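Shown next, in structure tokens, is the structure this report addresses.
Just so it is clear, none of the values below were taken in a lab; they were calculated from the coordinates. In this text, all values refer to a predicted model and were calculated from it rather than measured experimentally. When we count neighbours, we look across all protein chains shown, and the Cβ atoms used for this are built from the backbone with ideal geometry, even at glycine.
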Amino acid sequence: MSKLTRDSLVTRQFSDPKHYPYGFSRSGDFSISESKLLQQYGSLIAALVDGKLAPETEDDHGYLAAAFGQREPRNPVERVWVKYQHRINRPKMASIHGFSKPITTEDDDVEMQETGVEIDIDTD
């Protein structure tokens with residue numbers, strides 16, 4: 001296995017087929033310039049965040065600080081990475097059919113309660 005270097009990660013194009021199977025630019029979540037930045041720097045930032053690569057430059061430390069929420073993103077690369085993280089970690093939308101909790105009882109034996117109402121049934 002080859003050793004990861006900063007230069008090899010910057011030249012490697014980043015993609016996320018699980019969340020963006022048709023690419024970042026076709027998703028509608030990112031502008032064209034944002035998708036290009038994410039493709040170019042995404043592999044580097046992902047390796048830094050996962051701990052596969054140690055930060056070497058001041059930019060690397062900035063990417064990590066922005067990714068972990070220690071400071072606000074200061075450049076377009078940091079902003080698009082934070083936006084990407086928010087998009088893939090957003091809550092899932094509800095079904096169009098709705099959602100309801102199943103009604104469960106603690107006890108399988110259901111007791112009948114008296115209401116005090118008498119019912120007369122005429123059998124003619």
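Simple rule: put +1 on each Lys or Arg Cβ and -1 on each Asp or Glu Cβ in region 6-88, find the dipole, and look at HIS61, TYR22, VAL77; the Cα lying farthest toward the positive end is TYR22. Extension gain, LEU64-SER33: 0.36 nm per intervening residue step, less the Cα-Cα distance, totals 9.0 nm.
You can think of it this way: the chain between ARG87 and LEU4 has 27.2 nm of extra reach, that is 0.36 nm per residue less the Cα-Cα gap. Under the convention that each Lys and Arg Cβ holds +1 and each Asp and Glu Cβ holds -1, the size of the dipole of region 6-88 around its Cα centre is about 300 debye.
Annotation: average projected area of region 6-88 is 5.1 square nanometres, based on the convex hull of Cα atoms across all directions.
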